[in-house]
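Structure first, commentary second.
The values are calculated or read from the model by the stated rules, or taken from the named source; none is laboratory data. What you see is a predicted model; the values in this text were computed from it and never measured. For neighbour counting, all protein chains shown are included, and Cβ atoms are generated from backbone atoms with ideal geometry for every residue, glycine included. To get the accessible areas, we keep the full protein, side chains included, count just its heavy atoms, and leave off ligands, DNA and RNA. Shrake-Rupley method; radii C 1.70, N 1.55, O 1.52, S 1.80 Å.
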Amino acid sequence: MLAAEALVIIRSLANGIDPETGEVFPADSVYQRAQSVRAMYAAAEALERNARVEQRKRELPAKTGEPWSEDEDRKLLAGFDAGRGLPELATAHERTQTGVRARLVKYGRLAA
């Protein structure tokens with residue numbers, strides 16, 4: 001089951017509705033108890049948070065978080081010394097601008 005499908009089911013249960021039939025659960029149902037409802041809302045929030053994290057990861061450049069090789073460092077420094085800007089360097093190295101900036105600070109090319 002995909003997380004998105006699970007989220008739809010959890011939201012339905014949290015709202016007191018049978019996800020398969022659309023019927024409202026009886027007042028004495030375990031799904032109508034305050035603790036159960038709170039737990040389902042907490043689960044829904046966790047699934048939503050996880051989806052946001054996964055979406056953010058998909059939006060980041062491919063090499064984000066990977067170690068820098070010596071060759072990549074040399075190319076980065078040469079590009080910076082040649083006047084290339086942070087956005088261009090970040091794109092060329094498949095890194096975030098923050099990652100590129102941190103590397104340039106490490107090598108003394110930019111002030112911290």
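A few remarks follow.
- Residue in region 9-29 that is in contact with a Leu (Cβ under 8 Å, 6 or more places away or on another chain) and hydroxyl-bearing (S, T, Y) present: no
- Note on region 75-100: residues that are under 21 Å from K57 (Cβ atoms) and not small (G, A, S) amount to 9.
- Close Cβ contacts (under 6 Å, 6 or more residues apart or on different chains) running from residues in region 28-45 that are under 15 Å from A3 (Cα atoms) to residues that are among the basic types (K, R) and part of a helix (DSSP H, G or I) comprise A44/R11.
Residue-by-condition table, conditions (1) assigned to a helix (DSSP H, G or I); (2) of a type in the set (D, E); (3) modelled with pLDDT under 95:
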{"residue": "M1", "(1), (2), (3)": "no, no, yes"}
{"residue": "A4", "(1), (2), (3)": "yes, no, yes"}
{"residue": "L13", "(1), (2), (3)": "yes, no, no"}
{"residue": "P19", "(1), (2), (3)": "no, no, no"}
{"residue": "G22", "(1), (2), (3)": "no, no, no"}
{"residue": "Q35", "(1), (2), (3)": "yes, no, no"}
{"residue": "A39", "(1), (2), (3)": "yes, no, no"}
{"residue": "A43", "(1), (2), (3)": "yes, no, no"}
{"residue": "A51", "(1), (2), (3)": "yes, no, yes"}
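- Failed item, numbered, when N15 is tested on (1) open to solvent by 80 Å² or more (accessible area, probe 1.4 Å); (2) among the polar types (S, T, N, Q); (3) under 26 Å from the mean Cα position of the chain (by Cα): (3)
- Taken over region 53-74, the criterion of being basic (K, R) and assigned to a helix (DSSP H, G or I) is satisfied by R56, K57, R58, R74.
- Taken together, the residues in region 83-112 that are within 16 Å of D71 (Cα to Cα), within 23 Å of the chain's Cα centre (by Cα) and not in a helix (DSSP H, G or I) amount to 2.
- Residue count, region 51-82 (criterion: open to solvent by 80 Å² or more (accessible area, probe 1.4 Å) and within 12 Å of the chain's Cα centre (by Cα)): 5
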